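Enquirer: Please see the structure below; I have some questions.
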Amino acid sequence: MRNEFLPRRSWNRRSINQPQFSYRQTLLSWLGSFLSIATLAYLSVHTNYPLIAAPFGATAVILYAIPDSPLAQPRNVILGNCIGAIVCITFVQCFGTDPWVIALSVATAIKLMQLTRTLHPPGGAVALVGVMTGADWSFLFTPVLAGSLIMVGCTIAFHRLAVRRTH
């Protein structure tokens, strides 16, 4: 198998691992991600709770574009994001917000997600954003836990109603 990190002769070739999506799949991905992010944004504005964070954009990609991936399972979304939050908050409390703490936080979050079998790439972004913003323990609950639960709830409802599939 070819190493994807080595230079290619032509960047025009398709990668053998890139899925092709039907028009219906792309429309459903668009609609589902729009509804989930709109729900988070609407609830954030109207409840005055910060329920939306940048990593949820990546979560939407995973939940709606590749819903069969292990990375998109509810357990991974909720626990992966929460692990990222717990790690970053702990490190901010212990070490501050120096650049090396950002790297340590992301690397540790990845390691813990792997060990707990809850890998969710946006969890690494949660760790990064949390250190960059000097997050405290409220960050774990809003936006991370509440936002993750809302995203998972929206996704399950969308897949059952619009796509007629279980998640």
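No value in this document is a laboratory result; all are computed from the given coordinates. Not measured: the values here are computed from a predicted model. Reconstructed Cβ throughout: ideal geometry from the backbone, glycine too, with neighbour counts over all protein chains shown.
Enquirer: Return the distance in nm (one decimal) between the two label points of a simple spin-label model at V45 and R117, each offset 7 Å from Cα along Cα→Cβ.
Expert: It works out to 4.2 nm between the two label points.
Enquirer: While we're here: Nearest 20 debye, what's the magnitude of the dipole of the chain about its Cα centre given +1 on Lys and Arg Cβ and -1 on Asp and Glu Cβ?
Expert: 860 debye
Enquirer: Rounded to whole Hz and in sequence order, give me ³J(HN,Hα) for the stretch 56-62 from the Karplus expression 6.51 cos²θ - 1.76 cosθ + 1.60, θ = phi - 60°, writing x for Gly and Pro.
Expert: Once rounded to whole Hz, the list reads 5, x, 5, 4, 4, 4, 5.
Enquirer: So for the stretch 21-67, averaging the separation of alpha carbon pairs under 8 Å that are six or more residues apart and normalising by length, what relative contact order in percent results?
Expert: Numbers: 26 pairs, mean separation 22.3, N = 47.
Reported relative contact order: 47 percent.
Enquirer: Follow-up. Can you work out the Karplus-derived ³J(HN,Hα) for every residue in the stretch 130-137? Use 6.51 cos²θ - 1.76 cosθ + 1.60 with θ = phi - 60°, whole Hz, and x for glycine or proline.
Expert: x, 5, 4, 9, x, 4, 10, 5
Enquirer: Can you give me the P(r) profile for the chain? Cα pairs, bins 5 angstrom wide beginning at 0, each as a whole percent.
Expert: Final binned percentages: 1, 9, 17, 17, 17, 15, 12, 8, 4, 1, 0.
Enquirer: Kindly provide the helix-only [θ] at 222 nm of the chain, computed as the sum of -39,500 (n - 2.57) over DSSP H runs of four or more divided by all residues, to the nearest 500 deg cm²/dmol?
Expert: Numbers: 6 runs with 99 residues, N = 167.
That comes out to -20000 deg cm²/dmol.
Enquirer: Would you work out which of G32, L51, F91 lies farthest towards the positive end of the dipole of the chain? Charges go on Cβ: Lys and Arg +1, Asp and Glu -1.
Expert: Of the options given, the answer is G32.
Enquirer: For Cα pairs less than 8 Å apart in space and 6+ apart in sequence, what is the mean separation divided by the residue count of the stretch 23-163, i.e. the relative contact order in percent? Don't jump to the answer; show the numbers that get you there.
Expert: Details: 199 pairs, mean separation 46.0, N = 141.
33 percent.
Enquirer: Specify the inter-centroid distance of the stretch 122-151 and the stretch 63-85, based on alpha-carbon positions, in whole Å.
Expert: Cα centroid to Cα centroid, the span is 14 Å.
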